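Step one of this worksheet: look at the structure below.
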Amino acid sequence: MKYPCPKCEQPGISLKNKYRLGYMQDTHCEHCDARISANPWFLVPFSLIYMWALAICAFLYMFEGAGAMVIVYAVGAWLLIDALNVMLIPMKEMGGYGPNAT
Ligand SMILES: [Zn+2]
């Protein structure tokens with residue numbers, strides 16, 4: 001399964017590379033070699049959600065005595081956010097200047 005490139009619209013982005021984009025990495029389209037990144041306007045709120053989930057789990061661990069179950073919650077929350085990250089964050093070509101730039 002591959003994701004369509006925002007430039008050439010061919011399925012040139014692998015799931016693994018799409019996942020990496022969610023961690024502020026970049027990648028290249030296998031078809032047109034465009035340099036692709038995640039849309040930063042979506043990446044910023046997602047970074048906050050990651051931190052928020054970790055903060056909640058750390059709080060429970062330290063103050064609520066929830067113990068080792070918190071680690072299970074943290075991993076579950078992290079995987080869920082990762083899945084949303086891959087599904088929801090749109091990609092864009094790096095170095096482009098607006099929708100009409102080629
Ligand atoms: Zn492409």
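Throughout, read-outs are computed from the coordinates displayed, never taken from laboratory work. Keep in mind that what you see is a predicted model, and the values were worked out from it rather than measured. Neighbour counts are summed over all protein chains in view; Cβ atoms, including those assigned to glycine, are modelled from backbone coordinates with ideal geometry.
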> Where Lys and Arg each count +1 and Asp and Glu each count -1, what net charge lies around Cys32 among other residues with Cβ under 15 Å from its Cβ?
Replying inline: -1
> Helix 69-88 sits at what angle to the longest principal axis of the chain, using alpha carbons and giving 0 to 90 degrees rounded to 10?
Replying inline: 20
>> Only Cα pairs within less than 10 Å get springs; with that Gaussian network setup on the chain, which residue of Met87, Met69, Met51 has the largest fluctuation?
In response: Met69
> Around Lys7, what is the net charge, scoring Lys/Arg as +1 and Asp/Glu as -1 over all other residues with Cβ under 14 Å from its Cβ?
Replying inline: -3
> So what's the angle, to the nearest 10 degrees on a 0 to 90 scale, between helix 40-63 and the longest Cα principal axis of the chain?
Replying inline: 10
> Whats the longest run of the chain with zero chymotrypsin sites (Phe, Trp or Tyr not before Pro) that are DSSP loop and have at most 15 other Cβ atoms within 10 Å?
Replying inline: 24-96
>> Using Cα springs under 10 Å in a Gaussian network model of the chain, which residue among Ile13, Ile89, Ile71 shows the largest mean-square fluctuation?
In response: Ile71
> Hey, what number do you get for the chain at 222 nm if only DSSP H runs of n ≥ 4 count, each worth -39500 (n - 2.57), divided across all residues, to the nearest 500?
Replying inline: -17000 deg cm²/dmol
> Kirkwood-based Rg over Rh for segment 2-93 (C-alpha set), two decimals?
Replying inline: 1.13
